[in-house]
Amino acid sequence: MRQSEMLVPTLREAPAEADAAGHRWLLRSGMIRQLAAGIYSYLPLGRRILLNVERIVREEMDRAGCQEVLLPIMQPAELWEESGRYTQYGPELMRLKDRHAREFALGPTHEEVVTALARDEVSSYRKLPFTLYQIGTKFRDERRPRFGLLRGREFIMKDAYSFASDWEELDRTYQAMNTAYSRILERCGLDYIRVEADAGTIGGQGETHEFMALADVGEDTIVTCKYCGYAANLEKADYQTSGDIEKKEGSLEVPADSASADSVLQTDQHSGAENVVRISTPGVRTIAELTTFVGKGAEHMIKTLLYVADGQLVAALVRGDRELNDIALKQVLGAEELILADDAAIAAHPNLKVGFLGPIGLNLPMVVDADVAVMKSAITGANELDEHVSGVRPGIDFALERVERIRFAAEGDACPTCGSPLIFTKGIEVGHIFKLGTKYSDAMGASFLDRNGRQCAPVMGCYGIGVSRLMAAIAEQYAGDEGIRWPAAVAPYDVHLITVSWKDEQQRQLTLQLEQQLIDGGYTVLVDDRDERPGVKFKDAELIGLPVQIVIGRGAAEGQVELGSHALAASGESKRIGLTAQEAVLYVKEQLTS
Ligand code: ATP
Ligand code: MG
């Protein structure tokens, strides 16, 4: 391909909106352009990278025995109503109407469509198991589209859905997908880790794992143990703690009079006990402010957080240096809906002094984290404006009605498997595999007759990998000082021939000869034949970041070329001068056969 004929609008500066290194280089190297927030065009070079990633994904899906299909993006709302997700999915689901005012959704994922297909077309165990996959455009109206292709509103995903007669059959497919995903990420050259994940909103009945590409811009926190290999998403991570004592079960009955604004605080406050000392803390509302004010670490404090669980105000207590896990709290409460109490919810109780809340005398249902229950003496709010109390003994100065594990794992916590300290890192979720069970087959009435003529629901699995997100994750991991150094497996071309002066007959002839030899060898070649200064050409070549660069300059008169490649740069030899074209071709072979 001649670069002079190609649309490669490189930029000297990244647009202000670019918020991650990989994203900045993708824009600067002229590979993508933003059309609207989270919506991108792939220019010729970017499209080639995307196609390479797609090819790897497709090859591995086919190798795992999956069948490729293409399912509609535009889907009738009724289908989504059948699964119950039309309302549940919320504003992330893009909705539209046709000319007859019929409602449609743009598919963010395709469980509904594929389950309807199985319901209509599969009725016997003889057809099971099978896995369908597709590679295509997904729409999600993300609240915060960011980092370019990493979190888009329109993006490319490979999604696969498996149907099995029973859980054992599903397990075999799950393992096959697990292997396929590992192979995809290895072939893409990504540094990644597989972690246990939380079932979250997809709400399946079985296990689920995420594949995380390691990167600082990653929005997920990965919790790992380097001794035993335990790895989990923070949302799911388990830990051992000194607070792992026998839980004291208690009821969570609402005090009879709690509806009245004045009764949230008990009049009989225990703060009169000798050990409990009031501290005047004017304007000190946060744990950070309190640690500075009293000169003690957050581990000596108790945070009192207010939540509204299914319309009822609830207090949750965690140690000052820990983060409350709202998923865990929601589970513990068995609540359908759990939200942090907002000003309006609190305003109904004028006695609640936000910033100065504490458990003593608080007449609300209270869930106490296991770590708080074992504190010997703590500092906490006094339920009076501008006051805190110290010397508070959980279980003595306030009742431990309900002790539960309601916090996230923290760095340094003991590994749940081996007790070694847990480590935190950041990751980009690139893939997700999930045992759905019969959630969708039940909801949508898909069934088959088993060996014994009994009607059963197929046991499903779903498996997603972000194709465009993979491209962005590679960009992130391979971002250097001058551009992205694309791994050979996904690079838009294998070799960049940079001809210093295209007008020079000898240089041009040698370039054409080399190009032909490389193409005959099965390599893809980009030729910089532009009428530009050498400096501009070299800079653009770094931006484009092909695996091997060959410079055809003055040496052409003697049949000599110069080499540049990522491998050479890494070994400190940035350029090797004076190779014959023949030697250069051998070098390309060496570099690109792995
Ligand atoms: P996230 O937590 O990052 O929003 P998710 O859990 O919503 O991801 P899934 O529903 O499991 O993602 O989708 C499967 C895969 O699709 C993800 O692993 C990811 O690679 C990709 N993906 C999801 N949302 C986006 C997006 N907004 N932009 C690009 N890729 C995405
Ligand atoms: Mg999401």
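Just subtract the alpha-carbon distance of ARG172 and ALA347 from 0.36 nm times their residue separation and send over the number in nm, one decimal.
57.6 nm
Could you please put ARG402, ARG451 in sequence from largest to smallest accessible area, using a 1.4 Å probe?
Result, largest first: ARG451, ARG402.
Of GLY427, TRP80, CYS188, which is farthest on the positive side of the dipole of the chain, counting Cα position, with +1 on Lys and Arg Cβ, -1 on Asp and Glu Cβ, and the Cα centre as origin?
The listed residue farthest towards the positive side: CYS188.
Go from 0 up to the bin containing the longest alpha carbon distance in the range 1-56, width 5 Å each, and give me the % of pairs per bin.
4, 18, 26, 26, 16, 7, 2
Suppose the Debye formula is applied to equal point scatterers at every Cα of the range 273-342; what is log10 I(q)/I(0) at q = 0.22 Å⁻¹?
-0.96
Expected output is a single nm value to one decimal: the length gained when fully extending between GLN331 and ARG12, i.e. 0.36 nm times separation in residues minus the C-alpha distance. What is it?
Extra length available between GLN331 and ARG12 comes to 109.7 nm.
Past the 20 Å Cα-Cα mark, which pairs from LYS303/LYS353; LYS226/LYS330; LYS296/LYS376; LYS236/LYS330; LYS158/LYS330?
Result: LYS226/LYS330; LYS158/LYS330 exceed 20 Å.
So between ILE423 and SER377, what do we pick up on full extension, going 0.36 nm a residue minus the alpha carbon distance?
Length gained, ILE423 through SER377: 13.7 nm.
By how many degrees, between 0 and 90 and to the nearest 10, does the Cα long axis of helix 44-63 differ from the longest principal axis of the chain?
Orientation of helix 44-63: about 70 degrees from the principal axis.
Sort 423-434, 321-332 by packing, meaning the average of other beta carbons within 10 Å per residue, with the highest value first.
Top of the packing list down: 423-434, 321-332.
Semi-axes of the chain's equivalent ellipsoid from the Cα gyration tensor, sqrt of 5 times each eigenvalue, largest first, rounded to whole Å?
Over the Cα atoms of the chain, the semi-axes work out to 55, 33, 22 Å.
I'd like the carbon and sulfur percentage of the solvent accessible area for the chain, probe radius 1.4 Å, heavy atoms only, ligands and nucleic acids excluded.
Its accessible area is 48 percent carbon and sulfur atoms.
Run the quick spin-label model on GLN513 and LEU586: label points 7 Å from Cα toward the beta carbon, then report their separation in nm to one decimal.
1.7 nm
Going highest first, how would you order 42-50, 108-116 by mean Cβ packing within 10 Å?
108-116, 42-50
If each DSSP helix of 4+ residues adds -39,500 (n - 2.57) and the sum is divided by the residues in the chain, what number results at 222 nm, nearest 500 deg cm²/dmol?
Using -39500 (n - 2.57) per qualifying helix, the result is -7500 deg cm²/dmol.
Over all directions, how big on average is the projection of the convex hull of the alpha-carbon atoms in the range 495-592, in square nanometres?
Quarter of the Cα hull surface area: 5.5 nm².
Which residues does a label at GLU5 reach in the range 466-495, if reach means a backbone N under 18 Å from a point 7 Å past the Cα toward the Cβ?
493-495
Could you sort 379-391, 282-294 so that the peptide with the highest average Cβ count within 10 Å comes first and the rest follow in order?
Descending packing order for the listed peptides: 379-391, 282-294.
In terms of Cα to Cα distance under 13 Å, which aspartates and glutamates are near enough to LYS503, apart from those fewer than 8 places away along the same chain?
ASP528, ASP529, ASP531, GLU532
What do you reckon, how do VAL354, VAL8 stack up by accessible area (1.4 Å probe), largest on top?
Ranking VAL354, VAL8 by accessible area, largest first, yields VAL354, VAL8.
What are the lysines whose alpha-carbon lies under 22 Å from the alpha-carbon of LYS97, with same-chain residues fewer than 8 places away excluded?
Filter leaves LYS138.
The values are calculated or read from the model by the stated rules, or taken from the named source; none is laboratory data. These numbers come from a predicted model, not from an experiment. Every residue, glycine among them, receives a Cβ derived from its backbone with ideal geometry; neighbour counts consider all protein chains shown. These area figures cover heavy atoms from the full protein model, side chains too; ligands, DNA and RNA do not enter into them. Shrake-Rupley method; radii C 1.70, N 1.55, O 1.52, S 1.80 Å.
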